[in-house]
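To start, the structure itself, in structure tokens.
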Amino acid sequence: MEKKEKAELQKAWLESAVEDLKTAEELFNLGRFSGCLFFCHLIIEKTLKAIYIKVNDIYPPPTHKLINLATLSKIKLDKELKLYLTEITTFNVEARYDIFKEKLYKKATREFTQKYLDIAKNIFVKFKKLI
């Protein structure tokens, strides 16, 4: 991958993650908690894909599994971060597919969503430093 293309792709993924963070915050403020959680997943996924490009010099794989992306991006994960990434990955599946949506609606309380919005912001800041 050419250096210019690599930089442009990383920038695009990161800018998209920043937009998704704004969307997550707006959805939270509107009380749309399951949507907020879905965007929390996107924030982390897109940031990991920017890191993946930096580390591997190729396009990221078409996966939504955050731990896999982090591992492929050679990020060392402690136990707590693995637990958070595992939980946040479920927001993608549960928000996307009707057979799982009810499960997400039940756990997407204001308190739960605020917790994971804060966690997603912190992970975003941590991972952004790796780019």
Query raised in the report: Do we find that Ala7 is small (Gly, Ala, Ser) and touching a residue at least 12 places away in the same chain (Cβ under 8 Å) in this structure?
Result: no
Report task. Tell me which residues, restricted to segment 52-71, are buried (at least 18 other Cβ atoms within 10 Å of the Cβ) and either over 15 Å from the mean Cα position of the chain (by Cα) or closer than 15 Å to Leu14 by Cβ (or both). Result -> Tyr52, Ile53, Pro60, Leu69
Query - Number of the condition not met by Lys49 [criteria: (1) under 21 Å from Glu87 (Cβ atoms); (2) surrounded by fewer than 17 Cβ atoms within 10 Å (Cβ to Cβ)] - result: (2)
Report summary line: The condition from (1) among the aliphatic types (A, V, I, L, M); (2) over 12 Å from Ile131 (Cα atoms); (3) under 9 Å from the mean Cα position of the chain (by Cα) that Leu48 misses is numbered (2)
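Here is a yes/no grid of residues against (1) within 27 Å of Glu2 (Cβ to Cβ); (2) in contact with a His (Cβ under 8 Å, 6 or more places away or on another chain); (3) polar (S, T, N, Q):
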| site | (1), (2), (3) |
| --- | --- |
| Leu27 | no, no, no |
| Cys40 | no, no, no |
| Pro61 | yes, no, no |
| Ile75 | yes, no, no |
| Phe91 | no, yes, no |
| Ala108 | no, no, no |
| Lys121 | no, no, no |
| Phe127 | yes, no, no |
| Leu130 | yes, no, no |
Report task. Would you check which residues across segment 1-60 are outside any helix (DSSP H, G or I) and either of a type in the set (Asp, Glu) or in contact with a strand residue (DSSP E or B) (Cβ under 9 Å, 6 or more places away or on another chain) (or both) and list them? Result -> Glu2, Asp57
Report summary line: Exactly one of Leu27, Leu37, Leu66 is within 13 Å of Ile123 (Cβ to Cβ) and either modelled with pLDDT of 95 or more or in contact with a helix residue (DSSP H, G or I) (Cβ under 6 Å, 6 or more places away or on another chain) (or both), and that residue is Leu66
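Return yes or no: is Ile88 of a type outside the set (Phe, Trp, Tyr), touching a Cys at 6+ places or on another chain (Cβ under 8 Å), at pLDDT 95 or above and surrounded by 14 or more Cβ atoms within 10 Å (Cβ to Cβ)?
Spelling it out, Ile88 is indeed of a type outside the set (Phe, Trp, Tyr), touching a Cys at 6+ places or on another chain (Cβ under 8 Å), at pLDDT 95 or above and surrounded by 14 or more Cβ atoms within 10 Å (Cβ to Cβ).
The values are calculated or read from the model by the stated rules, or taken from the named source; none is laboratory data. Keep in mind it's a predicted model, so treat the numbers as computed, not measured. Don't worry about glycine lacking a Cβ; one is built from the backbone with ideal geometry, like all the others, and counts go over all protein chains shown.
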